[in-house]
Amino acid sequence: MGPPINSSLPAWRDETIALLKNSSDSPWLDAELLIEHVTGASRTRQHQEPNGSLSSDNVLQLNVLRQRRIDGVPLAYILETAHFWTLELNVSPAVLIPRPETELLVERALQVLTLEPSTALDLGTGSGAIALAIASERPGCTVLACDVSESALIVARTNQQKLQLRNVELRHSNWFRAIGDQRFDVIVSNPPYIGKDDPYVQSDVRAYEPHLALFADDDGMQALQLIIQQAPGYLKQHGWLLLEHGWQQAEKVQDLLESRGFDSVASHADLAGHLRVTEARFSSP
């Protein structure tokens, strides 16, 4: 006898919530998003039709995805999408999953990008989240988004095409190497800033997200040091550099910026109260 044609949606959801309690901080949300991903039924519809049913094919697909989540695979990689700013982005294991705290970097960039036309450079763009968010809010700003990973650029290009943002250019570059003699009003970056032995890194992050975008030598400071050292050669007069960094790195980043000749150095806290983004202006000739 074959499997039943239909299965109860509430029963599958409740079973999934119980199974995910040890591997997810939001098992209820995960279950509903998995159902939406497979069936197309929005979370609102699921609540409006609480006694819905699932086809056998739905159940088979959902069980496979649920097991991946139980195994610790981040939900965004399973769904292949993530929300950032006002955008819905494609993601894959080739790129970091955009975090809410990185929206602070976009917020600060928009604060200093007040004149149009203007130019911005996003170093280590990954999925394109920062560059595309800036471009969506500042249509008069031309954004150059770079990454050393060709696989990441494929994801970023998919997002750019989906969002139809023509004021973004994507380029393969190891930090500033392929930038040439271009200069920018603003340079932004969320570089790798985690030390390789950092005990605070979550196990699923270490297991599934790209190490190239996470970890840096010198206790996570290597990429930050390189960017701060080289950025003045690519900034216009009075141009701004904005950096995301670790929650314990703000003072080191401030010192590096001041030593390099930047002024107006300031750090800003994320929603958790951690100093997460530091900005500075380069006014020296």
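The amide H of L54, built 1.01 Å from its N in the peptide plane, has S7, S8, L9 as neighbours under 5 Å, considering only residues 5 or more places off or on other chains.
Counting beta carbons within 10 Å around each of L153, L165 and listing the fewest first gives the order L165, L153.
Cβ-to-Cβ counts within 10 Å put E15, E101 in ascending order as E15, E101, the fewest first.
Couplings 3J(HN,Hα) for the stretch 209-214, derived from phi with the Karplus relation 6.51 cos²θ - 1.76 cosθ + 1.60 (θ = phi - 60°), are 8, x, 4, 4, 8, 9 Hz, where x marks Gly and Pro.
Note on the chain: GNM, Cα springs under 10 Å; of A41, A129, A250, the largest mean-square fluctuation is that of A41. Put in order of Cβ neighbour count within 10 Å, fewest first, the listed residues E150, E258, E244 become E150, E258, E244. Looking at the chain, the DSSP beta bridges with both ends there are about 45 percent antiparallel. Quick one, which of (i) 118; (ii) 161; (iii) 140 is the actual volume of the Cα convex hull per residue in Å³ calculated for this model? Checked against the structure: label (iii).
Who wins for biggest fluctuation among L29, L96, L170 in a Gaussian network model of the chain, springs between alpha carbons below 10 Å? Of L29, L96, L170, the most mobile in the Gaussian network model is L29. Cβ-Cβ distance of E116 and A272, R₀ of 30 Å, FRET efficiency by 1/(1 + (r/R0)^6): the value works out to about 0.40.
As a calculated quantity, the FRET efficiency between V205 and S92 at R0 = 22 Å, using C-beta atoms, amounts to about 0.90. Note on the chain: with charges restricted to the Cβ of Lys and Arg (+1) and Asp and Glu (-1), its dipole about the Cα centre is near 520 debye. Put simply, the amide H of L170, placed in the peptide plane, has neighbours under 5 Å in A145, leaving out anything fewer than 5 places away on its chain. Multiplying the residue separation of S7 and L19 by 0.36 nm and subtracting their alpha-carbon distance yields 2.6 nm.
Here, each number is a calculation from the coordinates, and none is a lab measurement. All of these numbers come straight from a predicted model, not from anything done at the bench. Glycine also receives a Cβ, built like all others from the backbone with ideal geometry; neighbour counts cover every protein chain displayed.
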